[in-house]
Protein chains: 2
Amino acid sequence: MMSDPTALNTRDACVAADAADPLAGFRDEFLLPEGVVYLDGNSLGALPRAAGERAREVLEQEWGRDLIGSWNKNHWFELPTRIGGKIGALIGGGEGGCVATDTTSINVFKALGAALRIQREDHPDRRVIISERENFPTDLYMVEGMVEFLDDGYELRLIDDEASLADELAASGDDAAVVMLTHVNYRSGRMWDMTGITRRAHEAGALMIWDLCHSAGAVPVDLTAAAADFAIGCTYKYLNGGPGSPAFVWISPKHLERAEQPLSGWWGHRRPFDMAVGYAPAEGAAKFLCGTQPILSLATMEAGIDIALRVDRSALREKSLALTSLFIALVEERLAAHPLTLITPRDEASRGSHVSFRHPEGFAVMKALIAEGVVGDYREPEVLRFGFTPLYVGYADVWDAVEAFRRVLDEELWRAPEFQQRGAVT
Amino acid sequence: MMSDPTALNTRDACVAADAADPLAGFRDEFLLPEGVVYLDGNSLGALPRAAGERAREVLEQEWGRDLIGSWNKNHWFELPTRIGGKIGALIGGGEGGCVATDTTSINVFKALGAALRIQREDHPDRRVIISERENFPTDLYMVEGMVEFLDDGYELRLIDDEASLADELAASGDDAAVVMLTHVNYRSGRMWDMTGITRRAHEAGALMIWDLCHSAGAVPVDLTAAAADFAIGCTYKYLNGGPGSPAFVWISPKHLERAEQPLSGWWGHRRPFDMAVGYAPAEGAAKFLCGTQPILSLATMEAGIDIALRVDRSALREKSLALTSLFIALVEERLAAHPLTLITPRDEASRGSHVSFRHPEGFAVMKALIAEGVVGDYREPEVLRFGFTPLYVGYADVWDAVEAFRRVLDEELWRAPEFQQRGAVT
């Protein structure tokens, strides 16, 4: 309904849209700084009030008072599977295939390791791993590290779009082992067709791994419907888990019994407290656990996940598209005189929940914009990135952000010496 | 001075020893539950007051108010190297070879991966990894996972003591690649001679990895003097970092330039924010980082490390030995009628900071003892384990713990049905 941006052509209309927003109530569940339009929830989500309460409880009562007893009494041991189960529900993962643990990078290694091992057993000649050149770099770095470490003829090949993926799959033929893509691109906000791409990978005999860092909590994901094989992702963006909160890894039920991952630590053992010599993997997704988890970060992050579980996901997607479409429309209408290039798809079906524009002075522009109270971020090269978390960003925020953006460009505020100095943007 | 336990043969003498204890002031820096003698700091250290303050600051101000800007403004990015530097200082690691990150298990994989890679380049036939049968299981599980994943002729062989290590090194000959031992055994409390063992490993052409989980913050460690190659360890035991707080990995300066580890994520990249295609390792120990760290847990743990840095390490060791020797002496004198078997070395030079006794009903005995307010823990098989953190355990605590232990055994409190039920001990 709201994704017709032409309906919101005044600030009053935006305020009215906020008043009618079925998700408006969620904003009060977050603590946001005064006087700031926060458009960087795609990098670090805001603090849920309930997370603050939970952190204090873990700190003072569970660690401080119950001490070692908390592993059982306060269910610390269960946190990775319990929270993982909740994340699994958010991404259409079905029952029991997901654990919350470690980092996205580490989980890439586990999922890729498990996928390559399945291929090694069934099709030992399949040694090509396909990913996207514009993938978030750590995904590629982890593949590189694994390829070099295995030193056994594995190879990473990079594609750019659906057409070059099709070409590469055709060229790889019976060598294609794994396709690993990030569902929503971190820079452009472009979203792959998960179901269609997974089908193509499978037709070529490859297993499919999806990175959901910019998807979970932001766009509809149904791994089961897409017939995906593995997925990984972070929780500190749209799931508002807190800075560096543990990531997740999901294994399709079709692989769960068989899958084995290389980081076989004691938390993934069937009976960790037998202290037995000889690794025996746990049942289910728990075998994708490895070492002792950072409980303070892990327990605190559950508050953000619990909010995400209460949100109507159709309403969330609808509002996300309305916000991003409104932002694109207002920027293009009101900032038309400036050298801005939209790099996010106009096609809503191919768009995540953030919008990026290139500007030749992107770095200084973003610094100036932050000084005006609009917090987005900057990614090389020249990319201004604006994330719209529908839980706490409203239509009037979009209006105000565009007005600040216009001031920064019209009045050339970005020319101020303090914004010209390179370094960190925030 | 205090390690002559015969001097403390009354509770009053223990109270007097506490009053004269140069480390007594540290106890007030921790929040400990009322009415409990906490002898499990070797499993989960107590909560430093400063950690609580730091956690609230990170939560409310850094995450809640400064949001994404905290990565730079509040130095989140620097936490792994800054805190790692402090830990390096505690373990005689010299400058810059240590980072605080991930879990002990993951860091085993990195250190072992780096060591095997060095050997692969210099001595490709060295494929034998030697560890101890009684090692903490996750260390062995991680080796197993790596050996299976590499699928390239690597082999794990297990030894029991110095003699069988010597035999195995002789038998392995030019095949020995790595010796990986845990400095202080998690169950028995036995401590290896770090310098002597490292020399033997090197004489056999193997690289030496030390696991310091039960050493860091508890016993003197000088990795440089021992000429060790790599070390790993956790921070949530004697360093009081909090439940599951990030672990550490140390790389000897002699390997730092050359070492490459397989988990090559973006935090270990030379310029992570260039978002460049192609992994280029950072300078120094930072290349042993991988993914985004759990900031709430990581920042909070620094408080415990800072306390450890202020402690006189000779005084710490002296008190640790006095406490463990006193405990052994009192148990053997006052509980002589009971079937208790000391499995911790009497020789102080071979003892860490905990003491373990076997008892045929160990599980029920520990449950009963915890009900009496003395929190130790239980490890299969039949082992009652008592950890003595000199920062917050005193001589009168030892006396009281032994008295409770005596009550549990003399009055057979452990026979109560609620203590007979198997399951978690705490």
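Bear in mind these aren't lab numbers, they're just calculated from the coordinates by the rules spelled out. Everything quoted here is computed from the prediction, not taken from an experiment. So basically every Cβ, Gly included, is an ideal-geometry build from the backbone, and we count neighbours across all protein chains shown.
Remark: spin-label model distance residue A:350-residue A:123 equals 2.7 nm, labels positioned 7 Å along the Cα→Cβ axis.
Averaged over the residues of peptide B:98-106, the number of Cβ atoms from other protein chains lying within 10 Å of each residue's Cβ is 5.
Treating each Cα of region B:221-266 as an identical point scatterer and summing with the Debye formula, the log10 of I(q)/I(0) at q = 0.21, 0.22, 0.32, 0.33 Å⁻¹ comes to -0.86, -0.89, -1.09, -1.12. Of interest is the spacing of the C-alpha centroids, which for region A:208-252 and region B:52-82 amounts to 25 Å. With bins 10 Å wide beginning at 0, the percent of Cα pairs of region A:363-418 falling in each bin runs 24, 54, 20, 2. Averaged over peptide B:261-273, the number of partner chain Cβ atoms lying within 10 Å of each residue's Cβ comes to 6.
Residues whose amide H comes within less than 5 Å of that of residue B:99, counting only those at least five positions distant or on another chain, are B:249 (H built at 1.01 Å from N in the peptide plane). Evaluated over region B:53-309, the count of Lys pairs having alpha-carbon atoms less than 28 Å apart is 11 (only pairs 8 or more residues apart or interchain). Using a ≥ b ≥ c from the Cα gyration tensor of the protein assembly as shown (square roots of the eigenvalues), is it rounded, prolate or oblate, where a/c under 1.5 gives rounded and otherwise the larger of a/b and b/c decides, a/b for prolate? Because a/c hits 1.5 or more and a/b exceeds b/c, the protein assembly as shown counts as prolate. Each helix, a run of at least 4 DSSP H residues, gives -39500 (n - 2.57); summed and divided by the residues of chain A, these come to -11500 deg cm²/dmol at 222 nm. Stick to the Cα atoms of region B:150-238, pair each with every other, and give me the Kirkwood hydrodynamic radius in Å at one decimal. So the Kirkwood estimate lands at 13.7 Å.
Residues B:408, B:36, ranked from the fewest to the most other C-beta atoms within 10 Å, line up as B:36, B:408.
Translational diffusion coefficient of region B:81-201 at 4 °C, 1.567 mPa s, Stokes-Einstein with Kirkwood Rh over Cα pairs, in µm²/s as a whole number. It would help to have the intermediate numbers written out before the result.
Details: Rh = 15.4 Å.
The estimated diffusion coefficient comes to 84 µm²/s.
Once backbone amide H atoms are built at 1.01 Å from N, residue B:269 has B:282 as its partners under 5 Å, excluding neighbours fewer than 5 places away on the same chain.
For region A:225-375, the calculated P(r), taken from all Cα-Cα distances in 10 Å bins from zero up to the bin holding the longest distance, is 9, 23, 28, 20, 13, 6, 1 percent.
Of the residues B:125, B:306, B:274, the one that moves most in a GNM of chain B with alpha-carbon contacts below 10 Å is B:274. The fraction of Cα-Cα pairs per 5 angstrom bin, counted from 0 for region B:1-73, comes to 3, 12, 14, 15, 15, 12, 8, 6, 5, 4, 4, 1 percent, rounded to whole percents.
When Rg and the Kirkwood Rh are both derived from Cα coordinates, the Rg/Rh ratio for region A:44-118 amounts to 1.06. Looking at chain B, the pairs of alpha carbons with a distance over 27 Å make up 54% of the total.
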